[in-house]
Amino acid sequence: MLTKCFRSLPFDNLSGLRGLSVLGPVFALLIISKAGSLIFHRTFPTSTPGAAAGPPGQTVGTLGLPGTSTLTTNDYLVLAGTFHGVHAITRSLTPKIPVAPSAGSSGRSWTYPDPTVPASGIESMESSFFRLTVFQTLSGTKFLLFTDPSMPNTDVLMKGVYERYADFVCKNPFWQMEMPIRIDAWERSMNQWLTRR
Amino acid sequence: MASGQKAARVGEEVWKTRVEKVNAELVTLTYGTIVAQLCTDYDYDYAQVNQQLDKMGYNIGMRLIEDFLAKSNIGRCGNFRDTAEMISKVGFKIFLNVTPTVTNWTADNKQFSLLFDENPLADFVELPDDGRAQDELWFSNILCGVLRGALEMVQMSIEARFVSDVLRGNDVTEMRVTLLRYIEDEMPPDDD
């Protein structure tokens, strides 16, 4: 259900030509609405299913990593809901530094370590197998990108995803806000952006 | 006014490099058609037309804000004055290539006016000569809705309405924007 075979063809050609690793080191993309429900999830094949590219005999799970189990859609929903809560908690964990009451123009008696930046919650999480980059838009939608930990510039990658979301999802008049995203043009554009490297 | 200059720079930059342009007359004619059609649909009940335009704008604004944020790449505004500069010099700039003047602030910094020197939506437009349109129809009312929808998505509840329009024979086109409140979606304050 999650992997689309048509993506694997051009990459086979690429790897044959240039000897690159078969598919991009982006593992998965999740989008959580501001209400905390999962509105989009997509995993990217990290090794060509059934082809000789992957190490033989290894089971490839959700993130394409050995040993991970494949998640059902329901698991993703639970995961997204949990993350939404955890994110809210981490945001309120940001230390608040007391300031003299008169100093703050906003009338608050505390400030964040960097007063110009409000608390953001988890921004990234890293393990030896993956890095999770979290981007929350000012309107509250969260983008979760799972990549290889060695992948550079995930913020640029994320920005591209956001721009495509704004174009292909928000501007689609038949997509209702807060509802699951099932839009082919968005998938094409997003796939191209995340797997071309 | 440092924030104003920064906003102007961002707006100019985004407008020049990141935005796809369409023919302005196409926009004018399309919008004009919508308003004219609403007028016939609502039997020239201009109050209804104003309301529908506002509602359509609201739905546009709620989506357009994402495009605005993605393209402009700006962070949260520190105060409502910054917000006003951003609306004028970035928002209107990148979507309509106009920069309405921000003015007439109230003392509490919660209310300002946008003065439109030019308004691409209203080029070539003359209101119906039925004796009522001049007093009742706000032709560009969709813009009020757009602002309301867009700002609501970034936790600001505002009210926007036109108070004068050159189409009605006024000297200027003026929109009045009022900050009602910041929508706090954060946790309730600590109990301790």
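May I ask you to derive the relative contact order of the range B:1-111, considering only C-alpha pairs under 8 Å and at least 6 residues apart, and to give it as an integer percent?
The value is 40 percent.
Heavy-atom accessible surface of B:THR106, to the nearest 10 Å², is about 40 Å², with a 1.4 Å probe and all protein chains retained. For the residues A:TYR112, A:TYR76, a 1.4 Å probe over the protein chains yields an accessible-area ranking, largest first, of A:TYR112, A:TYR76. The portion of the accessible surface of the range B:2-182 made up by carbon and sulfur, rounded to a whole percent, is 49 (1.4 Å probe; DNA, RNA and ligands excluded). Put a plus charge on the Cβ of each Lys and Arg, a minus charge on the Cβ of each Asp and Glu, and nothing anywhere else: the dipole of chain B about its Cα centre is then about 720 debye. The order of A:SER120, A:SER128 by accessible area, most exposed first and with a 1.4 Å probe, is A:SER128, A:SER120.
For the full complex of protein chains and a 1.4 angstrom probe, list B:ASP67, B:ASP123, B:ASP41, B:ASP117 by accessible area with the highest value first.
If we order B:ASP67, B:ASP123, B:ASP41, B:ASP117 from most to least accessible, we get B:ASP117, B:ASP41, B:ASP123, B:ASP67.
Chains B and A: how much accessible area gets covered up at their contact, both sides added, probe 1.4 Å, in Å² to the nearest hundred?
In total, chains B and A hide about 1700 Å² from solvent.
Accessible area of A:MET151 (1.4 Å probe, protein heavy atoms only, ligands and nucleic acids ignored): about 10 Å². Helix B:2-17 and the long axis of chain B differ in direction by around 60°, with both axes built from C-alpha atoms.
Of the GluC sites (Glu not before Pro) in the range B:152-187, the ones in a loop by DSSP (not H, G, I, E or B) with at most 10 other beta carbons within 10 Å are B:GLU184. Inter-part distance, the range B:50-75 to the range A:127-185, computed on C-alpha centroids, equals 19 Å. Solvent exposure of the range B:2-182, expressed per residue, is 49 Å² of accessible area, with all protein chains present and a 1.4 angstrom probe. Interface residues of the range A:137-152, defined as those losing at least 10 Å² of solvent-accessible heavy-atom surface relative to the isolated chain (probe radius 1.4 Å), are listed as A:LEU138, A:SER139.
Specify whether the C-alpha gyration tensor of the range A:94-193 places it in the rounded, prolate or oblate class, a ≥ b ≥ c being the square roots of the eigenvalues: rounded for a/c under 1.5, otherwise prolate if a/b is larger than b/c and oblate if not.
oblate
Convert each backbone phi in the range B:132-142 into a coupling constant with the Karplus relation 6.51 cos²θ - 1.76 cosθ + 1.60 (shift: θ = phi - 60°), then list the ³J(HN,Hα) values in order as whole Hz, x for Gly and Pro. These are the phi-based 3J(HN,Hα) values: 10, 4, 4, 9, 10, 8, 9, 4, 9, 4, 4 Hz.
Rounded, prolate or oblate: pick one for the range B:2-182, where a ≥ b ≥ c are the square roots of the eigenvalues of its C-alpha gyration tensor, a/c under 1.5 means rounded, and failing that, prolate if a/b is larger than b/c, else oblate. Taking the square roots of the gyration eigenvalues as a ≥ b ≥ c, the range B:2-182 is prolate.
The values are calculated or read from the model by the stated rules, or taken from the named source; none is laboratory data. Please read all numbers here as calculations on a predicted model, not as lab measurements. Don't worry about glycine lacking a Cβ; one is built from the backbone with ideal geometry, like all the others, and counts go over all protein chains shown. Calculation scope for accessible area: heavy atoms of the full protein, side chains included, ligands and nucleic acids excluded. Shrake-Rupley method; radii C 1.70, N 1.55, O 1.52, S 1.80 Å.
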